[in-house]
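Structure record follows, encoded as structure tokens.
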Amino acid sequence: MDPFDLTGKRGLIVGIANDQSIAYGCAQELSNAGAELAVTYLNAKAEPHVRPLAEALGCKLILPCDVREPGQLEQVFDKLTSEWGRLDFVLHSIAFAPREDLIGRVTDASAAGFGIAMDVSCHSFLRMARLAEPLMTEGGTLLTVTFFGSARVVDHYNLMGPVKAALESAVRYVAAELGPKGIRAHAISPGPIRTRAASGIDRFDELLAEAAARSPQHQLADIADVGAVARFLVSDAAKRITGTTIPVDGGQHIQG
């Protein structure tokens, strides 16, 4: 029996914006491994970019989900409950901070901007974990996406550094609390990847070039690389691994 075969597993993918999204790279790999997926899109403006991708992956559940809209996330899980009745994995790949707070100093971040960034980028993971828990009757896997700017200062990453640090800590606590139920939690930490979300980071092209130069492999990860790790973590091959932050960055994280 192939431990990497995901046939029969069902999972929710949150965070696809287009075909360059990390969430889409993960969705492709998970689907190719045999998993059945439900996919969300942010709003009506995003739907035309997401729906064709989800349909090409054979998704029958394609649902709106803006975590800042009251009740929308709960409606997604209500639909999963009525249609599937169980869940094997969730991928949380969303982050947001108001631009004026993202491009400024962390020292100067507004309380409102910091709160929005934490709510969308971190607390929404906890909300998904809480909603997924009763559906993961046979265990499951909760995944999120982080960046090593959480652990060290990365020029221009700014407010998202402390927010991602909180997210990684949340993963560890969720892993500890839900572990007795067979529910595992992980943060995947890619190097910089050119996505729509990353375009909001000031001087991102410089960050990409520096990352490639500093990486021992002198190459950047792509969304398929991240997807391959997601597939492993969801699979039975990783059933005794939980609470980790796993870098997918060509070794950039070891360079200090």
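None of the figures in this text is laboratory data; all of them are computed from the coordinates on show. Keep in mind the model is a prediction, meaning the values are calculated, not measured. Cβ sites come from the backbone with ideal geometry, for glycine too, and all protein chains shown count toward neighbours.
Evaluated over the range 10-255, the count of Lys pairs having alpha-carbon atoms less than 26 Å apart is 7 (only pairs 8 or more residues apart or interchain).
Taking all Cα pairs closer than 8 Å and separated by 6 or more residues, the relative contact order of the chain comes to 22 percent. Taking the charge dipole of the range 10-255 about its Cα centre, with +1 at Lys and Arg Cβ atoms and -1 at Asp and Glu Cβ atoms, the residue from 174, 128, 32 reaching farthest to the positive side is 174.
Could you compute the net charge surrounding residue 84? Neighbours are other residues with a C-beta less than 13 Å from the C-beta of residue 84; K and R count +1, D and E count -1. Show your work: numbers first, answer last.
Details: positive: 9, 10, 60, 79, 86; negative: 36, 78, 83, 88, 138.
Combined, the nearby Lys, Arg, Asp and Glu give 0.
Taking a ≥ b ≥ c as the square roots of the eigenvalues of the Cα gyration tensor of the range 107-256, is the shape rounded (a/c under 1.5), prolate (a/b larger than b/c) or oblate? Mind showing how you got there, number by number?
Working: a/c = 2.30, a/b = 1.33, b/c = 1.73.
Since a/c reaches 1.5 but b/c is at least a/b, the shape of the range 107-256 is classed as oblate.
In terms of the mean number of neighbouring beta-carbon atoms within 10 Å, the peptides 233-244, 34-45 order highest first as 34-45, 233-244. Along each principal axis, taking the top coordinate minus the bottom one, the Cα set of the range 204-256 gives 38, 22, 18 Å in descending order. What helices in the chain pass both tests, a Cα length along the helix axis of 20 Å or more and a mean Kyte hydropathy of -1.0 or higher, using whole DSSP H runs? Span-like helices, by this rule, are 160-178.
Restricting the calculation to Cα atoms, every distinct pair contributes to the Kirkwood radius of the chain, found to be 18.3 Å.
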